[in-house]
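So the structure is just underneath, and the comments pick up after that.
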Amino acid sequence: MEIKTESQYQDYKDKLEEIIRKGTALGEMELLTNADKEEFVRLTDAIGEWEAAYHPLPGKTSTLITNAIREKMEEKHLKQKETASWLGIPESKVSELLNGRRPLSLNIVKRLRDRFGIPADFILDHI
């Protein structure tokens, strides 16, 4: 279950709210049918992925950007240590960046553009 548009994201949120209202009316979420519980999990996973990519929390890096970095690492057959060297940052920062826990600085954006060929406008559109 993957969200492709903002409209679909809103629809999924509405469906999730409906399931939550059902659970609340029953007195607890555990009283929902198995189908509703499974749908709840599918919706929350899809919404979480969309929000991580398109509505990241401040200080986090979008999964769209981290996925682009991972793809470039694979293309160039680079491990995290080599990537750190290419970007001129410690290996621990690469790990934090790839896991979405480190925000991008302007210098890292420039290096991703210059050394990895990731367009700056793509990065800026997804920060």
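Observations
- Checking each residue in segment 96-127 for being under 17 Å from the mean Cα position of the chain (by Cα), assigned to a helix (DSSP H, G or I) and among the charged types (D, E, K, R) picks out E96, D125.
- Restricting L31, L64 to residues that are modelled with pLDDT of 85 or more, over 21 Å from S105 (Cα atoms) and of a type in the set (A, V, I, L, M, F, W, C) narrows the list to L31.
- Of the residues making up segment 115-127, those that are over 18 Å from T63 (Cβ atoms) and modelled with pLDDT of 90 or more number 1.
- Among residues that are assigned to a helix (DSSP H, G or I) and either closer than 17 Å to L124 by Cβ or at pLDDT below 90 (or both), L57 is not included.
Okay, residues lined up against (1) out of contact with any helix residue (DSSP H, G or I) (no Cβ under 7 Å at 6 or more places or on another chain); (2) modelled with pLDDT under 85; (3) among the polar types (S, T, N, Q); (4) not in a helix (DSSP H, G or I):
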residue	(1), (2), (3), (4)
R42	yes, no, no, no
A53	no, yes, no, no
E71	yes, no, no, no
V94	no, no, no, no
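- Every residue from segment 73-88 that is part of a helix (DSSP H, G or I) and hydrophobic (A, V, I, L, M, F, W, C): M73, A84, W86, L87
- If you filter segment 10-51 down to residues that are hydroxyl-bearing (S, T, Y) and more than 23 Å from N99 (Cα to Cα), you find that the one that is surrounded by the most Cβ atoms within 10 Å (Cβ to Cβ) is Y12.
The values are calculated or read from the model by the stated rules, or taken from the named source; none is laboratory data. Every value quoted in this text rests on a predicted model; they were computed, and no experiment measured them. Please note: Cβ atoms are built from the backbone with ideal geometry, for glycine as well, and neighbour counts cover all protein chains shown.
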